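Here's the structure we're looking at; comments come further down.
The values are calculated or read from the model by the stated rules, or taken from the named source; none is laboratory data. Source: prediction; values computed, not measured. Positions of Cβ are generated from backbone atoms using ideal geometry, with glycine treated the same way; all protein chains shown enter the neighbour counts.
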Amino acid sequence: MRGSVLVVLLATASVAHAGDGASFDPASVYNVPRGTGDPTDGPADAPVTIVEWSDYACGYCNRVQDTLDKLSRLYPGQLRWVHRTLPLDDDNTLSAEAALAAAAQGRFAPMHARLFAVHGRVDRAAVELIAREVGLDMIRFRGDLDAGTFHGVVVADVQDALRIGVSGTPTFFVNGRPVHGNQPLKVFVDTVAAELARAGTVAATHPPDLYAALVGDGKPVADAPSDANNQTTDLDPNIGYRVGLGLPGHSLGPADALVTIVEFSDFECPFCARQAPILVHARQKYGDAVRIVYRHMPMHRDSMLAAEAAVAAGDQGKFWAFHDQVFGHFGHLTRADLDAFAKAAGLDLARFDDALDTRRFHDAVVAEYAAAEALGVDGTPTMFINGQPIVGASEVAVFDRVIDAHMAMAKDAIAHGVPRADLYPIMMSSAIGADLADPSAIPTSTIVKIEMRPEDRARSVTAACRRHDAARAKQLANGLAPDLQQRASAVCSGEGVDL
């Protein structure tokens with residue numbers, strides 16, 4: 001009986017939406033209900049609430065999970081998630097109800113992850129096996145499924161989706177602003193950044209319910225053309241971007257170099273391997289007039305552990321020796337290969353192996369990857385020469401021409417009185433975008449002292465914790481406002497750092 005109610009609702013939804021074809025305008029705010037009884041993550045008073053309609057059998061919903069994880073890492077303590085469901089068919093309500101039953105026992109996150117891992121394809125026996133594995137009280141879990149305890153929540157989710165015009169999954173509303181489907185991280189970041197600013201303004205009026213105040217005047221239903229979608233933009237080669245200097249030990253060349261080349265790269269990327277000798281050529285040709293910075297964007301199967309290994313090498317002051325070993329033996333990234341490279345680079349192997357075994361620098365690498373995507377980088381290698389993006393491997397002659405042009409501009413700036421040490425900081429001060437991995441890795445001018453914004457300082461604290469630099473984290477945390485201190489502490493405690 002309860003299944004047939006949902007079938008009728010879904011059938012009604014398909015007819016209604018096929019007729020009007022309305023969608024949501026990404027520039028508008030909609031009055032989106034949070035639902036009752038749906039699982040939530042994040043602080044109840046978070047400035048940004050993201051209501052998501054999803055389904056475990058939806059491929060796009062599955063694929064976007066990695067993006068959502070990175071978004072949560074970029075904005076710790078600032079996002080509240082409300083997980084709502086819009087099943088593709090009646091059979092999928094078992095997954096939705098199982099997730100809700102797990103949430104009632106405080107185990108939504110692991111159940112959520114496991115159901116996506118099997119693409120929602122579960123029968124009763126399979127879902128009970130998962131429930132056992134994630135540590136649920138099986139008597140309570142079976143009782144909830146048998147009684148249909150949470151079926152009403154699923155029905156309410158479908159009804160609300162129908163009422164406002166949600167017709168597909170995943171659909172997200174960021175403080176009421178829509179993000180359609182499996183979008184790049186940059187789309188989510190740009191939307192969250194705008195909504196953080198709006199939330200700050202509204203919060204200053206001290207509303208009793210911040211989310212209600214943010215969406216209260218929003219549009220009630222979908223009203224945009226059916227092809228309305230979030231806009232994505234490629235990196236503009238004619239614009240300078242604000243790019244920091246990455247993780248400690250990943251820079252080669254002096255701080256006062258005329259040209260700084262920041263490369264987002266991947267140890268398993270053949271185009272990055274092709275670019276590596278060209279960067280060596282640049283250092284040989286231009287010497288200390290050029291600084292090269294390597295930043296991690298591991299996009300392939302084995303490159304994540306390789307990136308973590310390189311950060312572990314950097315922690316011992318030998319990143320570049322390890323880097324040269326990896327690209328000198330391109331295509332060999334087994335654990336035995338990484339150990340061999342570490343030995344050849346002269347690392348303390350016990351310390352190196354411990355870092356890999358405990359995944360000590362995993363979060364630091366993920367933060368680098370997320371920062372690249374948030375900036376608009378969608379492939380490797382992507383280089384920023386004094387902030388100007390160059391996508392893909394370059395020929396030597398082309399690369400040299402770009403360097404020569406920036407070299408000439410730098411020399412002209414020095415001739416007009418800019419101190420050499422201030423070249424890159426001044427360029428970054430007028431660039432666009434933000435480095436969301438570690439704002440403190442963007443150098444500051446020696447003549448114009450600009451204090452980091454409190455938000456950026458808090459982000460830099462968490463960055464230090466993710467690379468397990470407790471001394472740096474505590475230094476940066478000194479003087480943080482209580483709410484920022486609390487937010488940073490939540491991340492740092494997870495990394496074993498007590499602020």
Taking segment 178-223, which residues are surrounded by 18 or more Cβ atoms within 10 Å (Cβ to Cβ), over 21 Å from the mean Cα position of the chain (by Cα) and part of a loop (DSSP other than H, G, I, E, B)?
-> Ala222
So Ile432 fits all but one of (1) over 24 Å from Phe188 (Cβ atoms); (2) of a type outside the set (Phe, Trp, Tyr); (3) under 26 Å from the mean Cα position of the chain (by Cα); what number is the exception?
-> (1)
Number of positions in segment 127-168 that are of a type in the set (A, V, I, L, M, F, W, C), touching a helix residue (DSSP H, G or I) at 6+ places or on another chain (Cβ under 9 Å) and farther than 26 Å from Pro33 by Cα = 7
What number goes with the only condition from (1) without any contact (Cβ under 8 Å) to a residue 60 or more places away in the chain; (2) closer than 17 Å to His151 by Cα that Ser72 does not pass?
-> (2)
Among the numbered conditions (1) surrounded by fewer than 22 Cβ atoms within 10 Å (Cβ to Cβ); (2) of a type outside the set (Phe, Trp, Tyr); (3) at pLDDT below 95; (4) farther than 27 Å from Leu210 by Cβ, tell me where Pro87 comes up short.
-> (1)
Where residues in segment 275-333 are under 20 Å from Gly249 (Cβ atoms) and assigned to a loop (DSSP other than H, G, I, E, B), which of them is nearest to the chain's Cα centre (by Cα)?
-> Met297
Which one of the conditions (1) crowded, with 17+ Cβ neighbours inside 10 Å; (2) under 21 Å from the mean Cα position of the chain (by Cα) does Ala410 fail to meet, given that it meets all the rest?
-> (2)
From the residues in segment 231-268 that are of a type in the set (Val, Ile, Thr) and either assigned by TED's automatic domain parsing to the domain that holds Asn386 or not in a loop (DSSP other than H, G, I, E, B) (or both), which one is farthest from the chain's Cα centre (by Cα)?
-> Val259
Does Arg34 meet the test of being assigned to a loop (DSSP other than H, G, I, E, B) and either of a type in the set (Gly, Ala, Ser) or under 30 Å from Gln485 (Cα atoms) (or both)?
-> yes
Somewhere in segment 437-451, is a residue in contact with a Lys or Arg (Cβ under 6 Å, 6 or more places away or on another chain) and within 22 Å of Gln78 (Cα to Cα)?
-> yes
Taking into account only those residues within segment 243-284 that are in contact with a Pro (Cβ under 6 Å, 6 or more places away or on another chain) and either at pLDDT below 95 or of a type in the set (S, T, N, Q) (or both), which is surrounded by the most Cβ atoms within 10 Å (Cβ to Cβ)?
-> Ser265
Of all residues in segment 71-116, count the ones that are of a type outside the set (Gly, Ala, Ser), within 30 Å of Glu368 (Cα to Cα) and in a loop (DSSP other than H, G, I, E, B).
-> 4
So which residues in segment 380-392 are part of a strand (DSSP E or B) and either touching a helix residue (DSSP H, G or I) at 6+ places or on another chain (Cβ under 7 Å) or surrounded by fewer than 22 Cβ atoms within 10 Å (Cβ to Cβ) (or both), if there are any at all?
-> Ile385, Gln388, Ile390, Val391
Out of the residues in segment 413-435 that are of a type in the set (A, V, I, L, M, F, W, C) and assigned to a helix (DSSP H, G or I), which is surrounded by the fewest Cβ atoms within 10 Å (Cβ to Cβ)?
-> Ala415
Where a residue in segment 132-147 is in the same structural domain as Ala98 (by TED's automatic domain parsing) and its partner, wherever it lies, is of a type in the set (D, E, K, R) and assigned to a loop (DSSP other than H, G, I, E, B), with Cβ under 8 Å and at least six apart = Val134/Arg107; Gly135/Arg107; Leu136/Arg107
Name every residue in segment 393-412 that is part of a loop (DSSP other than H, G, I, E, B) and either of a type outside the set (Gly, Ala, Ser) or under 28 Å from Ala463 (Cα atoms) (or both), in order of residue number.
-> Glu395
